[in-house]
Each structure stands twice: as structure tokens, then as C-alpha cells.
1. Evaluate 2.2 N^0.38 Å with N set to the residue count of the range 124-277, then give the Cα radius of gyration divided by it.
2. Separation between the Lys133 and Asp67 pseudo-spin-labels, each 7 Å from Cα along Cα→Cβ, expressed in nm?
3. With Cβ to Cβ distances under 13 Å as the rule, what net charge do the other residues near Thr80 carry (K, R +1; D, E -1)?
4. When only DSSP loop residues count, what GluC sites (Glu not before Pro) in the range 161-212 have their Cβ near at most 11 other Cβ atoms within 10 Å?
5. Put a dot 7 Å past each Cα toward the Cβ at Trp248 and Ile78; how far apart are the dots in nm?
6. Once the convex hull of the alpha carbons of the range 123-182 is built, what does its volume come to per residue, in cubic angstrom?
7. Simple spin-label model, 7 Å along Cα-to-Cβ: Ser96 to Arg226 in nm?
8. What length, rounded to one decimal in nm, is gained on full extension from Arg189 through to Arg156, with 0.36 nm per residue of separation minus their alpha-carbon distance?
Amino acid sequence: MWRSCLRLRDAGRRLLNRPRGSFTASEGSGPSPSTPARAYAPPAERKRFYQNVSIAQGEGGFEINLDHRKLRTPGAKIFTVPSEALAVAVATEWDSQQDTIRPYTMHLTTLCNTALDNPTQRDKDQLIRAAVKFLDTDTICYRVEEPEALAELQRREWDPVAEWAERRYSVEIGSSTSILGPSIPARTREVLASHLASYSMWALQGIEFVVTQLKSIVLTLGLLDRHLTVEQAVLLSRLEEEYQIQRWGSIEWAHDYERQELRARTAAGTLFVHLCSESTTVKHKLLQAGG
């Protein structure tokens, strides 16, 4: 239950202390408040300053135009993405903003900004190591001994996912009730690192984002392989919290807010990974405010 209390406390602090920052006419949004160490803090809300959103093919990829101005990253780079499908998704985020631009709702834009500017200056190997390191604290590998009802719930819901991952990648995952966590074989780390190496730098940014949201590389791999839906992965990552809610009841607005935010970030990160590898172009796509 202590993990539930800490997460609820952190969610409340995020609501009360949402960062504010500068936001120029052609900048993108910042990242989710949950990952301040890895990306940008979200800028303040501001009045919508553009009418039309469009995409255009440029050097090295696809660009986003707000009226006749090219979108730029917080680092002043031209906002260029590797696939037209991803460009359309980002353009949709900007086009869906109403009178007020709310950057903290634009998770795809945030991920693109992070991939383009790479504010922490990490290379591909560092991104892979960061994702694989989550095995040491993976949500589904840490089990309780009591209460028995929760321990049984963890076995019933988490064991099938762990067993799927072991079969899918021919590795050993394991679990533990010790505060030190399970002992993960070196071969498991090597196999998963090799698998992640098949993804592009852009996709790896998205993978690490999802792993950070779910606190689990195993659940993230289940999502990417379409073994799990977003709703299933989020529920599994919040199993202890949901158990406590069922037992003690929910705190008005707080639990619902945290759950919905986690779903939104997880869905955006998963979509980002898939769209980074999307090769099919969308012909003559133009988004205009008001249809």
C-alpha cells in the first residue's frame, strides 16, 4: 500500500505544481510532467495563434506547418519526423487544440521534441541500457506475501504475462517477495538488449517513455507485441492501487485523474513507437481548423 500512497502523493503534487515556462509562436510542447529528468518541462497554456495546420515533405522527413510558419523544437530545430503517419498524428494534436493550447496534452509532440533535441545527449546504447535496467525494479517481478488476497491477485494476473515473455524471448524473468527483488540472469538482459537494438533511436525514445510510465519493461514489450492492450497494461501496472481502491474506496478525482493520465501517456508512447517505423505515406493530407 505504501507504493499507492507515494504515487497518489506525487500525482497531487503534479496537479498543484504544474511547471510553467516559455512558449514561442513556433515551438512545440514539453513532455509529460512524469519525466522531468529526461525531457522538457511543459510550457504554460497560451491562446491559439494559428488557424491552419498542414504537413509537408522536407529534407530528411516530414514537417509541420502552423499557417505558413514551420514548427520548431524548443532547441530551435525544424520539427521534422521520419514518417508521414507520425506527422499526421502530430498535426492532429495541434489541430485539435481549441482556443487555448494545452501543451501537456500533446504527448506525441513532446516525444518528437525529445527525439529531435535529445536534451540528455544519450546515444542508442544508453537508451537500451536505461530500458533494460527496469528489469531490476520491474512492477510484475515484485510480489507481496500478504495480504493473501493481493498475493493471489498478483499471481493470477502477472504470472501469465511473465510466462508469455519467457516463451516469446526464450528467457527467464522470475519474481520475488524480497525487497531486493528477483535475480535476473545476465542472458535475459542480453537477449532483451539485442531485441531493443532492432529499433531506431526514435522508437527507443518512445519505448523508454512507456517503460517509465508502466514501471515495467515486460508490460511494455507485451504492448509493443500486441499481446496486451493499453487498458490491460495500465491495469496490470496499477494492480496494487486498484486492489486498494476496491478494498478502501477511491479518493474523489485523484485516482481517476491518475488512471486516465497514465492511459493517455501509455497510448501515446505506444503509438509513437509504431508510427516511427511506419513506411506507408498518407496522400495529400491537409488539416484545416474548422474542417
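A short reminder: the numbers here are calculations on the coordinates, not readings from a lab. Please read these numbers as outputs of a predicted model, since none were measured by experiment. Cβ atoms come from the backbone with ideal geometry, glycine included; neighbour counts cover every protein chain shown.
1. Numbers: Rg = 15.4 Å, N = 154, 2.2 N^0.38 = 14.9 Å.
That ratio works out to 1.04.
2. 4.4
3. My count for the surroundings of Thr80 gives -1.
4. Here no GluC sites (Glu not before Pro) fit, given the DSSP loop and packing criteria.
5. Placing both labels 7 Å beyond Cα along the Cβ direction yields 5.4 nm.
6. Cα convex hull per residue, to the nearest whole number: 81 Å³.
7. It is 2.2 nm.
8. 9.4 nm
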